[in-house]
1. Fewest first, what order do 106, 50 take by the number of other Cβ atoms within 10 Å?
2. Ranking 98, 128, 28, 140 by Cβ neighbours within 10 Å, fewest first, what do you get?
3. Fewest Cβ neighbours within 10 Å first, please rank 77, 37 accordingly.
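Here, each number is a calculation from the coordinates, and none is a lab measurement. All figures in this text were calculated on a predicted structure; none of them were measured in a lab. Cβ placement follows ideal geometry from the backbone for every residue including glycine, while neighbour counts extend to all protein chains displayed.
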């Protein structure tokens, strides 16, 4: 187990795949997979009246920044009614608040339905990537180390095996195809919800 409140921080500084370069390579690979998926189209693109996954996420941001929280789940549910749990709705509010400052026309209540621009889609793609970088991936990193923490030892061979196992676990969980395709292919934030 982690000893004391600083155990996690010590573990994070101990985790290496024989070098910082090895761990850095894993981080780059994890990010590149996300960027490659984000470069493609998505379901419903340019198809009225619902316009697909991008429109659903954009619309939920629109609802969350313009309506009081008590109306988020009841406002015009026939048009992409908000059906994610409250934590996801608050995440939509956070991302939508930034979006409103950059592209206010993208989140005008009701008037922005079907809004699609290259810049706004780029913002949405990066918001998913940054959500993963700042929320999902650090949690997976820490959890991967915690799983193998009990095997920690002063024996160099076992320690090396433990670090490699933790790094392998991080890599495996970080590139789960279903999560990457859904989140980065369809503008969703399921990694934050996990």
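1. In order of increasing Cβ crowding within 10 Å: 50, 106.
2. Details: 98 13, 128 26, 28 10, 140 21.
Fewest to most other Cβ atoms nearby, the residues stand as 28, 98, 140, 128.
3. Numbers: 77 10, 37 19.
Final ranking by Cβ density, sparse to dense: 77, 37.
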